Each structure stands twice: as C-alpha cells, then as structure tokens.
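Notes follow the structure.
The values are calculated or read from the model by the stated rules, or taken from the named source; none is laboratory data. Here the structure is a predicted model, which is why all the values come from computation and not from measurement. Positions of Cβ are generated from backbone atoms using ideal geometry, with glycine treated the same way; all protein chains shown enter the neighbour counts.
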Amino acid sequence: MSTPMVVFTDLDGTLLNHDDYDWSAAKPALAALKQRKVPLVLVSSKTDVEMLELRRALGNTDPLVCENGSLLLIPENLLEALGLSADSRLISDGYHYEYRGLSREQILTLLNELKADYRFTGFAWMTDEDIAQHTGLTLEAARLASQRKASEPIVWRDTPEALAEFTERLTRHNLRVVKGGRFYHVMGQCDKGDAVRYLQKRYEHHFGAAPFSIALGDSPNDLDMLKAVDAPAIIPHSDGSHLEDPALKRAFIAPKEGAAGWNTAVLTLIDQ
C-alpha cells in the first residue's frame, strides 16, 4: 500500500500569482492531487471569508488554516475522521472554527495604545479602497480581506529600531509580529508551523500512519510551515530571488514564480 500524503500550501505568491492572484497554471497539479485523493490544506494570512471563497473556486474540501495559523476551519464532515469532537458553539456554516491565538478585538486594544508611540497603520484604520490600493485586490475582495478574526495586518512606517522595540512590547502581551509578503501581521503566539504540525497529527489518526507531508511557500511567514514537513518547496519571487534559511537547504526550489512554479513543485514532489 502506498504511503499516505498531505500537501500544505501558502496562497499569495505561491499557489496564487503575486500580482494577479491567478492560479490557472496550477491546474495540472491540482487535478493530480484530486485524482490521487491527496488532501490539500490551504494555509494563508487571508481571512476565513476570503479562503472559503477560494476554496469553492478550487473545488477544495479540506481544512483551512487562516490568518497565519491563528484560526483553523475544519469541515464538520471531517471531524470524526480526523479524531476531533464537535463543539456546537464553534460550528458555523458547516465548519468547526478553532481559534489558536487572541481575538482581533484583544489585538486592536493594544495596537490602539501603541499608535501614540509608533508610526504604523492597520486594516482597522483603512478603508476598503486603501486596502485595495495596498494589495491590488478588487474592492469586494478588499472588503473580505478586512474581515479578520484573530490577527491584524499592519503597514510599518517607522524605523527598523522602532519595529524591534514595538515587537518586544507586543511579546510582553503574548503577541508576535510576523513578516509577510506585503504586510507585518500582529497575532497571538502561534504560527503556520504549529497549525501544520497539529493537522499532521490529525491526518495520522485518519490514515493510521504518519503521512508524507509537503509544504509550499514563498515568504518569511512560511518558514515555520516549511520546517514542519518532510518535503518543503520554495517558490521564487519575480526577480528570481527566493526565501533562504539554513534549515531549508534540502528544500525543492521551484523553477518559476507563482502558480507555474507551484505546479512544477507539486508534480515533482508527489512522484518522489
């Protein structure tokens, strides 16, 4: 019997092209995963409403890791298979919501206090038009991106020294700052790697054996996820540069950026 497998993937700049968010070049690999019944877990800084919309477009039926690991959505029909029990208080529209950090309200309370000492802005202080301008999203997509539950993306407008001090102050309140492709993300003491390790254990329960795990990412906030799997894959940026880390010397470096690189990486790694 073949070894079970699970794939975890970042979205922006990885499965989705960085500039136009297109994923059509990834269709052959997406079809291969479906044909082999390999779970594809989407892992992103995006909100649950953004990811649910993309999940429907992709025809995906697997768990979602939202807001950099601060929030997990498990389809209700998968709970038993993954060895999880349902809590009716956390079920919404067929998904079990599992919060792994602080709420956005708690985060914004502290950020409001810190705005007097540092120069930054966050989605909470931006209009949908502002968010669209910073991200290249449509106004409707920007509206979905603003509906956060467990993190806050910020645009840093102060010095690197001030950022270090800001980060240290947040740490005292059980928060952390994670650098993404476009923003810094303020969130609880959790990350994509924690969520991936948790789901690997759940899939081990489901398969009856530890699955061979693959993860794909392109930015610093993907490092924890990439280090948590058997086969990490790094998607390069448009200028040819790519994420580097001493712990990822064995990582597969995709030959192209975005969805085309993702497609090559997945097709290569699932046949290793």
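When the residues of the range 18-46 are filtered to those that are surrounded by fewer than 22 Cβ atoms within 10 Å (Cβ to Cβ) and modelled with pLDDT under 95, which remaining residue is nearest to TYR184 (Cα to Cα)? Restricting to residues being surrounded by fewer than 22 Cβ atoms within 10 Å (Cβ to Cβ) and modelled with pLDDT under 95, the top hit is HIS18. For ARG182, the conditions (1) more than 21 Å from TRP23 (Cβ to Cβ); (2) assigned by TED's automatic domain parsing to the domain that holds SER151; (3) charged (D, E, K, R) all hold with the exception of (1).
Of the residues making up the range 225-247, those that are in a helix (DSSP H, G or I) and modelled with pLDDT of 95 or more are MET225, LEU226, LYS227. Among the residues of the range 84-111, the one identified as in a loop (DSSP other than H, G, I, E, B), polar (S, T, N, Q) and closer than 30 Å to THR121 by Cβ is SER103. Of all residues in the range 245-272, those being touching a His at 6+ places or on another chain (Cβ under 8 Å) and of a type in the set (Ser, Thr, Tyr) number 0.
Taking the numbered list (1) out of contact with any helix residue (DSSP H, G or I) (no Cβ under 7 Å at 6 or more places or on another chain); (2) under 24 Å from LYS179 (Cβ atoms); (3) modelled with pLDDT of 95 or more in turn, LEU15 passes all entries but (1). Among the conditions (1) more than 15 Å from the chain's Cα centre (by Cα); (2) closer than 20 Å to ALA31 by Cα; (3) modelled with pLDDT of 95 or more, ALA215 misses just one, which is (1).
Screening ARG104, ARG143, ARG148 for residues that are touching a Phe, Trp or Tyr at 6+ places or on another chain (Cβ under 8 Å) and more than 17 Å from THR167 (Cβ to Cβ) leaves exactly one candidate, ARG148. The single residue among VAL196, VAL229 that is under 22 Å from TYR97 (Cα atoms) and not basic (Lys, Arg) turns out to be VAL196. Scanning the range 172-227 for residues that are of a type in the set (Gly, Ala, Ser) and on the phi > 0 side of the Ramachandran plot gives a single hit, GLY208. Of all residues in the range 250-268, those satisfying the criterion of being touching a helix residue (DSSP H, G or I) at 6+ places or on another chain (Cβ under 9 Å), of a type outside the set (Val, Ile, Thr) and outside any helix (DSSP H, G or I) are ALA251, PHE252, ALA254, PRO255, LYS256. Taking the criterion of being in contact with a Leu (Cβ under 8 Å, 6 or more places away or on another chain), among the small types (Gly, Ala, Ser) and more than 25 Å from ASP19 (Cα to Cα), the only residue of the range 126-174 that qualifies is ALA150.
When restricted to residues that are within 26 Å of GLY136 (Cβ to Cβ), loosely packed, with under 15 Cβ neighbours inside 10 Å and modelled with pLDDT under 95, the range 153-195 contains 1.
When THR3, THR47 are checked against the criterion of being touching a helix residue (DSSP H, G or I) at 6+ places or on another chain (Cβ under 7 Å) and either under 26 Å from VAL178 (Cα atoms) or of a type in the set (Val, Ile, Thr) (or both), THR47 stands alone in meeting it. Here the condition is being hydrophobic (A, V, I, L, M, F, W, C), outside the structural domain of GLN200 (by TED's automatic domain parsing) and at pLDDT below 95; of LEU90, LEU111, LEU144, it holds for LEU144 alone. With respect to the conditions (1) touching a His at 6+ places or on another chain (Cβ under 8 Å); (2) under 22 Å from THR138 (Cα atoms), ASP22 lacks only one, and its number is (1).
Among the residues making up the range 50-90, a single one is among the β-branched types (Val, Ile, Thr) and surrounded by fewer than 17 Cβ atoms within 10 Å (Cβ to Cβ): THR61.
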